[in-house]
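First the structure, in the form of C-alpha coordinates, and then the observations on it.
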Amino acid sequence: MAHDILVGSHISSAGGLHKAFERGESIGCTAMQIFTKSNRVWFEKKITDEAAELFKQAAQRSPIKSVVVHAGYLINIGSPKPDGVKQSVSALLDEIRRCEQLGLKYLILHPGSHLGSGEEAGVVQVAKHLDEVIEKSDGTVSILLETMAGQGTNLGSTFEQLHAMRERSTHKRNIGYCLDTCHIFCAGYNIATEDSYQEAIKTFDTTLGLEHLKAIHVNDSLTPCASRKDRHAPLGEGHIPNATFKLMMNDKRLINIPKVLETPSDPEMHLWAKEIKMLKAMID
Ligand SMILES: [Zn+2]
Ligand SMILES: [Zn+2]
(Lines give C-alpha, C1' and ligand atoms only; values in the text may rest on other atoms or scores of the structure.)
(Ligands and ions follow the chains in the order given, each with its own letter.)
Protein backbone atom coordinates (compact mmCIF):
# COMPACT_ATOMS: atom_id res chain seq x y z
CA MET A 1 0.00 0.00 0.00
CA ALA A 2 2.10 2.81 -1.34
CA HIS A 3 -0.06 5.52 0.24
CA ASP A 4 0.88 4.43 3.75
CA ILE A 5 4.57 4.57 3.05
CA LEU A 6 6.50 7.38 4.71
CA VAL A 7 8.86 8.62 2.04
CA GLY A 8 10.13 12.03 0.96
CA SER A 9 13.14 14.30 1.06
CA HIS A 10 14.77 17.18 2.86
CA ILE A 11 12.56 20.20 2.19
CA SER A 12 13.40 23.89 2.42
CA SER A 13 11.36 25.99 4.81
CA ALA A 14 12.42 29.26 3.22
CA GLY A 15 9.80 31.98 3.52
CA GLY A 16 8.11 30.41 6.58
CA LEU A 17 8.31 27.03 8.27
CA HIS A 18 4.77 26.06 7.20
CA LYS A 19 5.74 26.54 3.55
CA ALA A 20 7.71 23.30 3.69
CA PHE A 21 4.43 21.35 3.59
CA GLU A 22 3.20 22.67 0.24
CA ARG A 23 6.69 22.28 -1.20
CA GLY A 24 6.95 18.68 0.00
CA GLU A 25 3.44 17.84 -1.13
CA SER A 26 4.18 19.19 -4.62
CA ILE A 27 6.79 16.45 -5.15
CA GLY A 28 4.85 13.61 -3.56
CA CYS A 29 6.32 13.54 -0.05
CA THR A 30 4.48 11.60 2.66
CA ALA A 31 7.40 12.28 5.02
CA MET A 32 9.98 15.07 5.06
CA GLN A 33 12.97 16.45 6.89
CA ILE A 34 13.42 20.16 7.60
CA PHE A 35 15.75 22.57 9.36
CA THR A 36 13.88 24.88 11.74
CA LYS A 37 16.63 27.49 11.29
CA SER A 38 19.60 27.96 9.00
CA ASN A 39 21.88 24.95 9.43
CA ARG A 40 25.01 27.09 9.24
CA VAL A 41 24.45 29.62 12.03
CA TRP A 42 24.48 29.10 15.80
CA PHE A 43 21.26 30.89 16.63
CA GLU A 44 18.33 32.50 14.89
CA LYS A 45 15.42 34.56 16.10
CA LYS A 46 12.74 32.74 18.05
CA ILE A 47 9.84 31.07 16.27
CA THR A 48 6.82 33.28 16.93
CA ASP A 49 3.63 31.75 18.33
CA GLU A 50 1.93 32.71 15.10
CA ALA A 51 4.51 30.88 12.97
CA ALA A 52 4.23 27.80 15.19
CA GLU A 53 0.45 27.88 14.85
CA LEU A 54 0.62 28.16 11.05
CA PHE A 55 3.00 25.20 11.02
CA LYS A 56 0.74 23.04 13.17
CA GLN A 57 -2.30 23.86 11.06
CA ALA A 58 -0.44 22.98 7.87
CA ALA A 59 0.73 19.73 9.49
CA GLN A 60 -2.81 18.75 10.36
CA ARG A 61 -4.10 19.26 6.83
CA SER A 62 -1.13 17.72 5.09
CA PRO A 63 -0.74 14.25 3.56
CA ILE A 64 2.80 14.49 4.93
CA LYS A 65 2.41 12.38 8.04
CA SER A 66 5.95 12.46 9.39
CA VAL A 67 8.27 15.44 9.83
CA VAL A 68 11.77 14.99 11.22
CA VAL A 69 14.13 17.86 12.00
CA HIS A 70 17.85 17.97 11.29
CA ALA A 71 19.93 19.98 13.78
CA GLY A 72 22.44 22.59 12.63
CA TYR A 73 25.87 21.55 11.40
CA LEU A 74 27.94 23.70 13.78
CA ILE A 75 26.91 21.81 16.89
CA ASN A 76 29.62 19.54 18.33
CA ILE A 77 28.77 18.12 21.75
CA GLY A 78 31.72 15.71 21.50
CA SER A 79 34.27 18.51 21.54
CA PRO A 80 36.91 18.55 24.30
CA LYS A 81 37.00 22.38 24.18
CA PRO A 82 34.92 23.94 26.98
CA ASP A 83 33.90 27.04 24.99
CA GLY A 84 32.88 25.09 21.92
CA VAL A 85 30.89 22.64 24.01
CA LYS A 86 29.09 25.37 25.90
CA GLN A 87 27.99 27.03 22.68
CA SER A 88 26.99 23.63 21.23
CA VAL A 89 24.92 22.68 24.26
CA SER A 90 23.01 25.99 24.13
CA ALA A 91 22.45 25.65 20.40
CA LEU A 92 21.23 22.05 20.77
CA LEU A 93 18.86 23.03 23.56
CA ASP A 94 17.55 25.80 21.31
CA GLU A 95 16.98 23.25 18.52
CA ILE A 96 15.00 21.08 20.97
CA ARG A 97 12.89 24.03 22.07
CA ARG A 98 12.07 24.83 18.46
CA CYS A 99 10.89 21.23 17.96
CA GLU A 100 8.78 21.46 21.13
CA GLN A 101 7.18 24.65 19.82
CA LEU A 102 6.30 23.00 16.51
CA GLY A 103 5.08 19.78 18.10
CA LEU A 104 7.79 17.70 16.41
CA LYS A 105 9.18 14.60 18.09
CA TYR A 106 12.46 13.82 16.37
CA LEU A 107 15.63 15.88 16.12
CA ILE A 108 18.45 14.31 14.09
CA LEU A 109 21.93 15.13 15.34
CA HIS A 110 25.46 14.44 14.10
CA PRO A 111 26.92 12.97 17.31
CA GLY A 112 30.03 15.16 17.08
CA SER A 113 33.79 15.07 16.63
CA HIS A 114 36.37 14.31 19.29
CA LEU A 115 38.92 16.67 17.68
CA GLY A 116 41.86 14.54 18.78
CA SER A 117 40.80 13.68 22.33
CA GLY A 118 40.03 10.12 21.23
CA GLU A 119 36.88 8.10 20.63
CA GLU A 120 36.34 7.08 24.24
CA ALA A 121 36.62 10.65 25.53
CA GLY A 122 34.36 11.83 22.71
CA VAL A 123 31.67 9.28 23.55
CA VAL A 124 31.75 10.34 27.23
CA GLN A 125 31.35 14.00 26.24
CA VAL A 126 28.43 13.24 23.91
CA ALA A 127 26.52 11.22 26.52
CA LYS A 128 27.07 13.83 29.21
CA HIS A 129 25.83 16.68 27.06
CA LEU A 130 22.88 14.72 25.72
CA ASP A 131 21.79 14.31 29.34
CA GLU A 132 22.35 17.98 30.02
CA VAL A 133 20.04 19.15 27.24
CA ILE A 134 17.41 16.44 27.70
CA GLU A 135 17.14 17.35 31.40
CA LYS A 136 16.30 20.93 30.44
CA SER A 137 13.76 19.89 27.80
CA ASP A 138 10.09 19.07 28.35
CA GLY A 139 10.71 15.43 27.40
CA THR A 140 8.57 15.38 24.24
CA VAL A 141 11.51 15.46 21.83
CA SER A 142 13.91 12.61 21.15
CA ILE A 143 17.38 13.15 19.76
CA LEU A 144 18.24 10.76 16.94
CA LEU A 145 21.97 10.12 16.71
CA GLU A 146 22.91 9.79 13.06
CA THR A 147 25.20 7.07 11.73
CA MET A 148 28.26 8.83 10.30
CA ALA A 149 30.74 8.02 7.51
CA GLY A 150 33.84 8.35 9.69
CA GLN A 151 35.51 11.41 8.20
CA GLY A 152 38.28 12.98 10.29
CA THR A 153 37.54 12.71 14.01
CA ASN A 154 33.77 12.36 13.52
CA LEU A 155 32.11 10.08 16.05
CA GLY A 156 29.30 7.67 15.27
CA SER A 157 30.74 5.69 12.35
CA THR A 158 30.36 2.38 14.15
CA PHE A 159 27.17 0.99 15.64
CA GLU A 160 29.15 0.17 18.82
CA GLN A 161 30.05 3.82 19.34
CA LEU A 162 26.46 4.95 18.90
CA HIS A 163 25.35 2.28 21.32
CA ALA A 164 27.91 3.45 23.88
CA MET A 165 26.56 7.02 23.71
CA ARG A 166 23.01 5.94 24.43
CA GLU A 167 24.10 3.37 27.00
CA ARG A 168 25.99 5.97 29.03
CA SER A 169 23.02 8.33 29.07
CA THR A 170 20.52 8.41 31.92
CA HIS A 171 17.81 9.56 29.50
CA LYS A 172 17.72 6.65 27.06
CA ARG A 173 14.01 7.13 26.46
CA ASN A 174 14.77 10.36 24.62
CA ILE A 175 17.58 8.98 22.49
CA GLY A 176 17.17 7.05 19.24
CA TYR A 177 18.97 6.68 15.93
CA CYS A 178 18.87 7.80 12.32
CA LEU A 179 20.44 5.48 9.73
CA ASP A 180 22.01 7.08 6.66
CA THR A 181 22.57 4.54 3.86
CA CYS A 182 25.46 6.50 2.31
CA HIS A 183 27.16 6.98 5.65
CA ILE A 184 27.01 3.37 6.87
CA PHE A 185 28.22 2.19 3.45
CA CYS A 186 31.18 4.61 3.54
CA ALA A 187 31.87 3.61 7.15
CA GLY A 188 32.33 0.01 5.99
CA TYR A 189 28.91 -1.62 6.34
CA ASN A 190 28.59 -3.04 2.85
CA ILE A 191 24.96 -2.98 1.78
CA ALA A 192 25.59 -3.52 -1.93
CA THR A 193 24.28 -7.10 -2.06
CA GLU A 194 21.23 -8.78 -0.55
CA ASP A 195 23.36 -10.83 1.86
CA SER A 196 25.40 -7.87 3.02
CA TYR A 197 22.29 -5.72 3.40
CA GLN A 198 20.67 -8.38 5.60
CA GLU A 199 23.89 -8.70 7.59
CA ALA A 200 24.13 -4.93 8.17
CA ILE A 201 20.51 -4.59 9.29
CA LYS A 202 20.93 -7.59 11.57
CA THR A 203 24.07 -6.06 13.09
CA PHE A 204 22.21 -2.78 13.56
CA ASP A 205 19.44 -4.66 15.34
CA THR A 206 21.69 -6.67 17.65
CA THR A 207 23.92 -3.68 18.47
CA LEU A 208 21.46 -0.78 18.61
CA GLY A 209 17.97 -2.30 18.42
CA LEU A 210 15.76 -1.58 15.42
CA GLU A 211 13.07 -0.39 17.83
CA HIS A 212 15.22 2.71 18.41
CA LEU A 213 15.62 3.46 14.70
CA LYS A 214 13.26 6.36 14.00
CA ALA A 215 14.45 7.83 10.67
CA ILE A 216 16.35 6.74 7.56
CA HIS A 217 18.31 8.93 5.16
CA VAL A 218 18.08 7.32 1.73
CA ASN A 219 21.23 8.36 -0.13
CA ASP A 220 23.41 6.72 -2.75
CA SER A 221 27.18 7.15 -2.39
CA LEU A 222 29.65 8.67 -4.87
CA THR A 223 32.52 6.88 -3.14
CA PRO A 224 33.03 3.14 -2.50
CA CYS A 225 32.31 1.12 0.63
CA ALA A 226 34.65 1.90 3.55
CA SER A 227 35.95 5.08 1.86
CA ARG A 228 35.06 7.08 4.99
CA LYS A 229 33.91 9.91 2.74
CA ASP A 230 30.49 11.53 2.78
CA ARG A 231 29.45 12.33 -0.76
CA HIS A 232 25.80 11.72 -1.57
CA ALA A 233 24.83 10.61 -5.08
CA PRO A 234 21.42 10.49 -6.78
CA LEU A 235 19.86 7.02 -6.49
CA GLY A 236 21.27 4.70 -9.12
CA GLU A 237 24.28 6.91 -9.85
CA GLY A 238 26.57 5.82 -7.02
CA HIS A 239 28.00 2.65 -5.53
CA ILE A 240 24.82 1.43 -3.81
CA PRO A 241 22.65 -0.48 -6.27
CA ASN A 242 18.96 0.30 -6.55
CA ALA A 243 18.33 -3.32 -5.56
CA THR A 244 19.42 -2.32 -2.04
CA PHE A 245 16.90 0.51 -1.92
CA LYS A 246 14.25 -1.90 -3.15
CA LEU A 247 15.12 -4.30 -0.32
CA MET A 248 14.87 -1.43 2.12
CA MET A 249 11.52 -0.21 0.79
CA ASN A 250 10.10 -3.72 1.15
CA ASP A 251 11.73 -4.51 4.49
CA LYS A 252 8.86 -5.17 6.92
CA ARG A 253 11.06 -4.23 9.89
CA LEU A 254 11.49 -0.74 8.48
CA ILE A 255 7.98 -0.21 7.18
CA ASN A 256 6.91 2.50 9.66
CA ILE A 257 10.16 4.43 9.61
CA PRO A 258 10.20 7.70 7.61
CA LYS A 259 12.68 7.53 4.73
CA VAL A 260 13.97 10.84 3.41
CA LEU A 261 16.30 11.64 0.54
CA GLU A 262 19.26 13.96 0.94
CA THR A 263 20.49 13.37 -2.58
CA PRO A 264 21.56 16.25 -4.83
CA SER A 265 18.55 17.89 -6.44
CA ASP A 266 17.67 20.95 -8.52
CA PRO A 267 15.83 24.14 -7.45
CA GLU A 268 12.55 22.80 -8.88
CA MET A 269 13.13 19.49 -7.06
CA HIS A 270 12.48 17.48 -10.23
CA LEU A 271 15.13 14.94 -9.25
CA TRP A 272 13.54 14.37 -5.86
CA ALA A 273 10.07 14.05 -7.40
CA LYS A 274 11.49 11.37 -9.69
CA GLU A 275 13.30 9.54 -6.88
CA ILE A 276 10.27 9.61 -4.56
CA LYS A 277 8.16 8.14 -7.35
CA MET A 278 10.83 5.53 -7.97
CA LEU A 279 11.02 4.53 -4.28
CA LYS A 280 7.23 4.21 -4.06
CA ALA A 281 7.21 2.10 -7.24
CA MET A 282 9.78 -0.27 -5.73
CA ILE A 283 7.26 -1.51 -3.18
CA ASP A 284 5.89 -4.91 -4.15
ZN1 LIG B 1 22.96 14.46 8.78
ZN1 LIG C 1 26.02 12.77 4.41
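Is it the case that segment 246-258 has a residue that's within 16 Å of ligand 1 (Cβ to nearest atom), within 22 Å of Ser66 (Cα to Cα) and at pLDDT 95 or above?
To start, the set of residues in segment 246-258 that are within 16 Å of ligand 1 (Cβ to nearest atom) comprises 257-258.
Still in the list and also within 22 Å of Ser66 (Cα to Cα): 257-258.
Adding the requirement that they be at pLDDT 95 or above leaves 257-258.
Within segment 246-258 (the criterion being within 16 Å of ligand 1 (Cβ to nearest atom), within 22 Å of Ser66 (Cα to Cα) and at pLDDT 95 or above), the answer is yes, since at least one residue qualifies.
Among the residues of segment 211-245 satisfying the criterion of being surrounded by fewer than 18 Cβ atoms within 10 Å (Cβ to Cβ) and assigned to a helix (DSSP H, G or I), which is nearest to ligand 2 (Cβ to nearest atom)?
Across segment 211-245, the extreme among qualifying residues is Asn242.
Just checking, how many residues over segment 1-13 are over 17 Å from Glu262 (Cα atoms) and either part of a loop (DSSP other than H, G, I, E, B) or modelled with pLDDT of 95 or more (or both)?
Selection size over segment 1-13: 2.
Looking at segment 196-245 only, could you name the residues that are within 16 Å of ligand 1 (Cβ to nearest atom), within 27 Å of Asn174 (Cβ to Cβ) and not small (Gly, Ala, Ser)?
If the condition is that a residue be within 16 Å of ligand 1 (Cβ to nearest atom), within 27 Å of Asn174 (Cβ to Cβ) and not small (Gly, Ala, Ser), then Leu213, Lys214, Ile216, His217, Val218, Asn219, Asp230 are the ones that fit.
From Lys19, Lys81, Lys86, which residue is of a type in the set (Lys, Arg) and closer than 30 Å to Ala273 by Cα? Walk me through how you get there before you give the answer.
On the way: Lys81 fails: closer than 30 Å to Ala273 by Cα; Lys86 fails: closer than 30 Å to Ala273 by Cα.
It is Lys19.
Within segment 29-71, how many residues are at pLDDT below 95 and either assigned to a strand (DSSP E or B) or in contact with a strand residue (DSSP E or B) (Cβ under 8 Å, 6 or more places away or on another chain) (or both)?
Counting residues in segment 29-71 that are at pLDDT below 95 and either assigned to a strand (DSSP E or B) or in contact with a strand residue (DSSP E or B) (Cβ under 8 Å, 6 or more places away or on another chain) (or both) gives 1.
Is it true that some residue in segment 151-159 is within 16 Å of ligand 1 (Cβ to nearest atom) and in a strand (DSSP E or B)?
Step one: list which residues in segment 151-159 are within 16 Å of ligand 1 (Cβ to nearest atom), which gives 151-152, 154-157.
Pick out the ones that are also in a strand (DSSP E or B) and you get 154.
Yes, segment 151-159 contains a residue that is within 16 Å of ligand 1 (Cβ to nearest atom) and in a strand (DSSP E or B).
Among (1) within 29 Å of Gly152 (Cα to Cα); (2) part of a helix (DSSP H, G or I), there is one condition Ile77 misses while meeting the rest; what is its number?
With (1) within 29 Å of Gly152 (Cα to Cα); (2) part of a helix (DSSP H, G or I) applied to Ile77, the lone miss is (2).
Give the residues of segment 93-110 that are outside any strand (DSSP E or B), in contact with a strand residue (DSSP E or B) (Cβ under 7 Å, 6 or more places away or on another chain) and crowded, with 19+ Cβ neighbours inside 10 Å, sorted by residue number.
In the first step, residues of segment 93-110 are kept if they are outside any strand (DSSP E or B); the result is 93-105, 110.
Filter once more, so that each one left must be in contact with a strand residue (DSSP E or B) (Cβ under 7 Å, 6 or more places away or on another chain): 95-96, 99, 104-105, 110.
Within segment 93-110, Glu95, Ile96, Cys99, Leu104, His110 meet the criteria.
Looking only at residues that are in contact with a Gly (Cβ under 9 Å, 6 or more places away or on another chain) and assigned to a helix (DSSP H, G or I) in segment 186-210, which one is surrounded by the fewest Cβ atoms within 10 Å (Cβ to Cβ)?
Residue satisfying both the conditions and the ranking: Ala187.
Those residues that are farther than 21 Å from Ser26 by Cα, surrounded by 12 or more Cβ atoms within 10 Å (Cβ to Cβ) and more than 15 Å from ligand 1 (Cβ to nearest atom), I need them from segment 60-87; list them, please.
Answer for segment 60-87, where residues must be farther than 21 Å from Ser26 by Cα, surrounded by 12 or more Cβ atoms within 10 Å (Cβ to Cβ) and more than 15 Å from ligand 1 (Cβ to nearest atom): Ser79, Pro80, Lys81, Gly84, Val85, Lys86, Gln87.
Can you tell me which of Val124, Val89 is in a helix (DSSP H, G or I) and either over 19 Å from the mean Cα position of the chain (by Cα) or among the aromatic types (Phe, Trp, Tyr) (or both)?
Numbers: Val89 fails: either over 19 Å from the mean Cα position of the chain (by Cα) or among the aromatic types (Phe, Trp, Tyr) (or both).
After ruling out the rest, the residue left standing is Val124.
Can you tell which of Leu145, Leu130 is crowded, with 22+ Cβ neighbours inside 10 Å and within 15 Å of ligand 1 (Cβ to nearest atom)? Walk me through how you get there before you give the answer.
Working: Leu130 fails: within 15 Å of ligand 1 (Cβ to nearest atom).
Matching residue, one of Leu145, Leu130: Leu145.
The values are calculated or read from the model by the stated rules, or taken from the named source; none is laboratory data. Keep in mind the model is a prediction, meaning the values are calculated, not measured. Every residue, glycine as well, gets a Cβ built from its backbone with ideal geometry; the counts of neighbours run over all protein chains shown.
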